[in-house]
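So the structure is just underneath, and the comments pick up after that.
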């Protein structure tokens, strides 16, 4: 197993797991036991070694997509002074 995503938020780890599952990649979440971990305990999503490269690419593409700025209207042309 190879780690492909690390976070301190269980929700982020589960979202990464769902994204990978949508692409047919099985993954495991390690370190998610809330009784034994603190707020800064790393939670790691791992996949089989053979799927790691594809999983990393998928998660990177998802990260880029989320950081894309909101679509804006084209700027208006300035009015001419009269």
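Just name the residue that is surrounded by the most Cβ atoms within 10 Å (Cβ to Cβ) out of those in region 23-72 that are assigned to a loop (DSSP other than H, G, I, E, B), at pLDDT 95 or above and touching a strand residue (DSSP E or B) at 6+ places or on another chain (Cβ under 9 Å).
25
Which pairs turn up if I take residues in region 47-58 that are without any contact (Cβ under 8 Å) to a residue 40 or more places away in the chain and look for partners that are surrounded by fewer than 15 Cβ atoms within 10 Å (Cβ to Cβ) and in a helix (DSSP H, G or I) with beta carbon separation below 9 Å, at least 6 apart in sequence or on another chain?
Filtered contacts from region 47-58: 58/22.
Collect the residues in region 2-13 that are out of contact with any helix residue (DSSP H, G or I) (no Cβ under 6 Å at 6 or more places or on another chain) and modelled with pLDDT of 95 or more, keeping them in residue-number order.
Listed by number, the list holds a single entry, 3.
The values are calculated or read from the model by the stated rules, or taken from the named source; none is laboratory data. Computed from a predicted model, the values in this text were never measured in an experiment. Heads up, the Cβs are rebuilt from the backbone with ideal geometry, glycines too, and the neighbour counts pull from every protein chain shown.
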